[in-house]
Amino acid sequence: MANPKKKHTPMRRDMRRSANFRLEAASLSTCPKCKASTLSHRVCGGCGYYGNELVLPPKQEKKNPEGK
Ligand SMILES: [Zn+2]
């Protein structure tokens, strides 16, 4: 039975695996409310809507409860 004569080094193994690795661009969809491009199945970062439902209220200026 054909067998490899020598064990491949970790570097050789990792180079082989890394040859098939590529970063993919995130698939973006458009927010129906503010028309900003968002990640699909995520709350829109611009208006805080998910679909037609307001999930995150719009950002307000941070109020420090300690009054500093
Ligand atoms: Zn939006």
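The values are calculated or read from the model by the stated rules, or taken from the named source; none is laboratory data. Note that this is a predicted model, so its numbers are computed, not measured. Every residue, glycine among them, receives a Cβ derived from its backbone with ideal geometry; neighbour counts consider all protein chains shown. What goes into the accessible areas is simple: the full protein's heavy atoms, side chains included, and nothing from ligands, DNA or RNA. Shrake-Rupley method; radii C 1.70, N 1.55, O 1.52, S 1.80 Å.
Express the carbon and sulfur contribution to the solvent-accessible surface of the range 13-62 as a percent, rounded to the nearest whole number, probe 1.4 angstrom.
On the way: 2480 of 4710 Å².
Within the range 13-62, the accessible surface is 53 percent carbon and sulfur.
How high is the FRET efficiency between Ser18 and Leu56 when r is their beta carbon distance and R₀ equals 35 Å, given to the nearest 0.05? Before the final figure, lay out the partial values.
Numbers: r = 38 Å, r/R0 = 1.09.
Step by step, r from the Cβ atoms, then E = 0.35.
For the range 5-17, in order, what is each residue's ³J(HN,Hα) by Karplus, 6.51 cos²θ - 1.76 cosθ + 1.60 with θ = phi - 60°, in whole Hz (x at glycine and Pro)?
6, 10, 6, 6, 6, x, 5, 5, 4, 5, 5, 5, 5
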